[in-house]
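The values are calculated or read from the model by the stated rules, or taken from the named source; none is laboratory data. Here the structure is a predicted model, which is why all the values come from computation and not from measurement. A quick note on method: Cβ atoms are made from the backbone with ideal geometry, for glycine too, and the neighbour counts reach across all protein chains shown. Quick note on the areas: whole protein, heavy atoms, side chains included, nothing else; ligands and nucleic acids left out. Shrake-Rupley method; radii C 1.70, N 1.55, O 1.52, S 1.80 Å.
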Amino acid sequence: MNNLKGGLMSDEQTPKDKAQILLDKLMTGKQVHQIFAESMREQLLINGKPMHHWEEHFKITIPTDNLTPSLCKELSMKLIQLNQEAAFFQACATAKAQIIKRGTSAAYNDKFNTIIQQYKSERKKLPAAATLETMARLDNEDLDSAQTIADIESKFWKDILEHLSTCRRLIENASMNIATELKSL
């Protein structure tokens, strides 16, 4: 039967023991996640720079006190510039992802057809379709990885654009509130 020391659960354990085992597993998963997240922020390059660079570059700090119409205008101008930059990067990333996807699909189809032709030329019985698909995909792992990275990059820029859009809405709301306050004075 499973035991507590091995981290496995049994019917003989109390609910508290089971909860502790689950919590321990969760904390281990959290540590793995933190290591992965930190490593990814440093090692995964987007447009030649690590993610933390873009995090700082596109960071907009909206003060919660002493917000003036001129500061709102300044923040809006900065947002326009950042939005244009992110939109360009996102368009490039999307185009790159589409090109890689097309190349990956073509390479897969070529490999799939080559495998079928090889079996036919050797007069061997064709394996199941799922087996043929797996065989064709094995040679395309590098292209599949490239496609995954391209999709991640495209989604990254989409998320940056959404962040900038949220900041724009906050600044617009702040500007309207300031204008309302100034009118009531």
Review point. Does I149 qualify as being closer than 29 Å to G48 by Cβ and either of a type outside the set (D, E) or touching a residue at least 12 places away in the same chain (Cβ under 8 Å) (or both)?
Key: yes
Residues of region 167-185 being in a helix (DSSP H, G or I) and open to solvent by 60 Å² or more (accessible area, probe 1.4 Å), in sequence order, are R168, R169, L170, E172, N173, M176, N177, T180, E181, L182, K183, S184
Contact list, first residue from region 159-185 and among the polar types (S, T, N, Q), second anywhere and not in a helix (DSSP H, G or I), beta-carbon distance below 9 Å, six or more apart or interchain, is S175/L67; N177/L67
Residue hits (region 76-91; without any contact (Cβ under 8 Å) to a residue 12 or more places away in the chain and open to solvent by less than 100 Å² (accessible area, probe 1.4 Å)) are I80, E85, A91
Taking region 36-61 and keeping residues more than 14 Å from I149 (Cβ to Cβ), loosely packed, with under 13 Cβ neighbours inside 10 Å and not aromatic (F, W, Y) leaves A37, E38, S39, E42, K49, H52, E55, E56, H57, K59, T61
All conditions in (1) under 18 Å from H163 (Cβ atoms); (2) open to solvent by less than 40 Å² (accessible area, probe 1.4 Å) are true of I116 except (1)
